[in-house]
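To start, the structure itself, in structure tokens.
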Amino acid sequence: MVTPIAYPIPSSGSPDFPALERDVLAHWAADDTFRASIAQRADAEEYVFYDGPPFANGLPHYGHLLTGYVKDIVPRYRTMRGYKVERRFGWDTHGLPAELEVQRQLAITDKAQIEEMGIEAFNDACRDSVLRYTNEWRAYVTRQARWVDFDNDYKTLDLSFMESVIWAFKQLWDKGLAYEGVRVLPYCWNDETPLSAHELRMDDDVYQRRQDPAITVGFRITGSDSRPHSGPDSDLDGAHLLIWTTTPWTLPSNQAVAVNPAVEYVVVAHEDRRLVMARARLGAYARELGEDPEVLGSYTGEQLLGLRYLPPFPYFADAANSFQVLRGDFVTTEDGTGVVHMAPAYGEDDKATTDTVGIVPVTPVDARGRFDATVPDYQGQQVFDANAAIIRDLKNGTGPAAPNAPVLLRHETYDHPYPHCWRCRNPLIYRAVSSWFVKVTEFRDRMVELNQQITWYPEHVKDGQFGKWLSNARDWSISRNRYWGTPIPVWVSDDPAYPRIDVYGSLDELERDFGTRPTNLHRPYIDELTRPNPDDPTGKSTMRRIEDVFDVWFDSGSMPYGQVHYPFENEDWFRGVDSADPDKRVDGHFPGDFIVEYIGQTRGWFYTLHVLATALFDRPAFKTCVSHGIVLGNDGQKMSKSLRNYPDVNEVFDRDGSDAMRWFLMASPILRGGN
């Protein structure tokens, strides 16, 4: 029998709240009160709570504690209402957050050093790092008086969880909802991997103010191959098409320009040259052209289509179908010149436009964001660093700018919000890469419909931040050129003469084809599974796994089934059926009744849960969601383990107690979406 707690009357007249809390925690531990609250309701109706998994490679901050208080209050309330509420803790263990922390610990700066170290040793270090602070997390969470089951936790690195993840991918493949393609994606040159679009919209601080050089450059028109030389092109030979760009480093890769067919363009005299630009933008260039420049001619954008010009740099002069004026209905006259420079390897609209005329993108920038040998004058320079040299050559007409004589009309500084990597904080570039995608656009409308079944707090999130994001969702890039993660279970022939693709969704399938049952799905072990290509009659080609691993958000979005190894185990538990007795009522555990995280997860965990649940089960993943605001650090930015911009949580626990913090946070506007 547990001795009741006797609370002493403090001699000072003021109770010591932290001491009282520690007494209560000791009582709960001795009594095993949390487990008893579940056991006493063994036959009661269940209330299903999904615990979003945190990383344990850093200590929790106040943002985690805020979410943790909500994770405790709602299940406690439901328990008091008579429901059985199991609360299972989980750990997010894969991906760039883990890799970058290990790189910091080992003073590793690039992937070449990881390869030299060896993938096995690097991944072993990642495994150790991601579980480094599990004891501290348990202490923090327990100290905040949150009831949760740590002893029966799940980890995304577990073999059982990873098998459920590859099962999910195989289901997408079988449904025609997974594919490989070359797309222009946000790309982190520091981490040497692409990112998905939703990662750029998770937090406001992803877009940071940045000053970049903005230049206006003229490309010399040489005529047209698409019409007789009696139209505008014959009059415009030798004139310069003016483009404006904030990425001078992309000019060596220029392959086309775009104009809006409905916009009026004019030819103006400037010194001894003729310049072509949108009439609506003349005023913006009064400093160079004068208040009333001499207009020599006027054309619609439609009349300019098909014109040919000389690229600013001659590196890829033989590129087929390149260096012509293309239709761009997206081109506006709000800024720039009304003529848009296109480098299809480094711009999403650029590639979509140039694809229509069969232009193959040139790609002179390597995985580290440096120019390669195809651009010898700037070889080895990081693209942002190369801006200065490129602008200097354009200004002076020297080096690679000399042959085609482009005209630099203006050089200025442009201050604008620019996307940065949400993990390493370096400025991103856009880059054409081969990636695997989930075809979200195929079922986007259904995602919008299923969102109407979800209760959101605050309510405006449903049709606002989350609903609008769903309405414009793009295909999801799920492959990462990294090491520590669930492997994409795709094997391809190493001989293009005998193409074949095999996709696996279980350990049984892998054992069937490779003759061995994996006990570890991580690299490099999974990469060692090879077999002869069945479609190669010569017997010389081999099926090898692609090297990519999944985006860590694919793991997170697989949490509802991954945590219980569905569909390989617990199928009845998950689906809410009794295989032995179909008429028997069984509590299902999908969708979840309740989840909670901060507002940025409308582009993160909430989103990927919804994507995968819609694609795999045609259901929402959760019924009710609290999407709270952000706890800011002492520097005004979102609290972050990577920024380390917050004091030790224990200081507040020891001074004021956990309940004081709970009351303060739960009563604040942050719970209703404020910061």
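The values are calculated or read from the model by the stated rules, or taken from the named source; none is laboratory data. Computed from a predicted model, the values in this text were never measured in an experiment. No Cβ is skipped: glycine too gets one built from the backbone with ideal geometry, and neighbour counts run over all protein chains shown. Note: accessible area is taken over every heavy atom of the protein model, side chains too, but ligands, DNA and RNA are not part of it. Shrake-Rupley method; radii C 1.70, N 1.55, O 1.52, S 1.80 Å.
Axis angle, to the nearest 10 degrees, between helix 159-174 and the longest C-alpha principal axis of the chain: 50 degrees. Going by alpha carbons, how many degrees (0 to 90, nearest 10) lie between the helix axis of 96-106 and the longest principal axis of the chain? Relative to the chain, helix 96-106 is tipped by roughly 90 degrees.
Residues whose amide H lies under 5 Å from that of Thr486, counting only those 5 or more places away or on a different chain, are Phe550; hydrogens are built 1.01 Å from N in the peptide plane. Computed from Cα atoms, the angle from the helix 119-130 axis to the main principal axis of the chain rounds to 50 degrees.
The percentage of C-alpha pairs in the chain whose separation is greater than 51 Å is 23%. Taking amide H as placed 1.01 Å from N in the peptide plane, Asp495 has its amide H under 5 Å from the amide H of Thr542, each at least 5 places away in sequence or on another chain.
Report note on the peptides 238-251, 432-445: ranked by the mean count of other C-beta atoms within 10 Å, highest first, their order is 238-251, 432-445. Once you reduce segment 395-411 and segment 517-534 to the center of their Cα atoms, the two points are 53 Å from each other. Phe161 exposes around 0 Å² of accessible area when a 1.4 Å probe is run over every protein chain in place.
Across the accessible surface of the chain, with the other protein chains kept in place and a 1.4 Å probe, carbon and sulfur atoms take up 48 percent. The string of couplings for segment 527-540 from the Karplus curve (6.51, -1.76, 1.60, θ = phi - 60°) is 5, 7, 7, 9, 7, x, 6, x, 8, 9, x, 7, x, 8 Hz, one whole number per residue in order, with x for Gly and Pro. Helical content of the chain, expressed as a calculated mean residue ellipticity at 222 nm, amounts to -8500 deg cm²/dmol (DSSP H runs of 4 or more residues, -39,500 (n - 2.57) each, divided by residue number, nearest 500). Across Val357, Val276, the residue with the most accessible area heads the list, and the full order at a 1.4 Å probe is Val357, Val276.
FRET efficiency for the Asn321 to Phe568 pair, using the beta carbon distance and R₀ = 45 Å, is estimated at 0.35. Applying the Karplus relation 6.51 cos²θ - 1.76 cosθ + 1.60 with θ = phi - 60° to segment 144-149 yields 3J(HN,Hα) values of 7, 6, 9, 8, 7, 8 Hz, where x marks Gly and Pro. Per residue, the accessible area of the chain comes to 42 Å² when a 1.4 Å probe rolls over the protein heavy atoms. Computed from backbone phi, the HN-Hα couplings of segment 326-333 come to 10, 6, x, 5, 7, 5, 10, 10 Hz, rounded to whole numbers (Karplus: 6.51 cos²θ - 1.76 cosθ + 1.60, θ = phi - 60°; Gly and Pro given as x).
Among the GluC sites (Glu not before Pro) within segment 249-301, those in coil by DSSP and having at most 15 neighbouring Cβ atoms inside 10 Å are Glu271, Glu291, Glu294. Candidate cross-link partners of Lys468 among the lysines, defined by an alpha-carbon separation under 24 Å and a same-chain spacing of 8 or more, comprise Lys439, Lys623, Lys638. Residues whose amide H lies under 5 Å from that of Cys188, counting only those 5 or more places away or on a different chain, are Thr193, Leu195; hydrogens are built 1.01 Å from N in the peptide plane. Taking all pairs of distinct Cα atoms, average 1/r, flip it, and tell me the Kirkwood hydrodynamic radius of segment 476-611 in Å to one decimal place. Mean inverse Cα-Cα distance, inverted, gives 17.6 Å.
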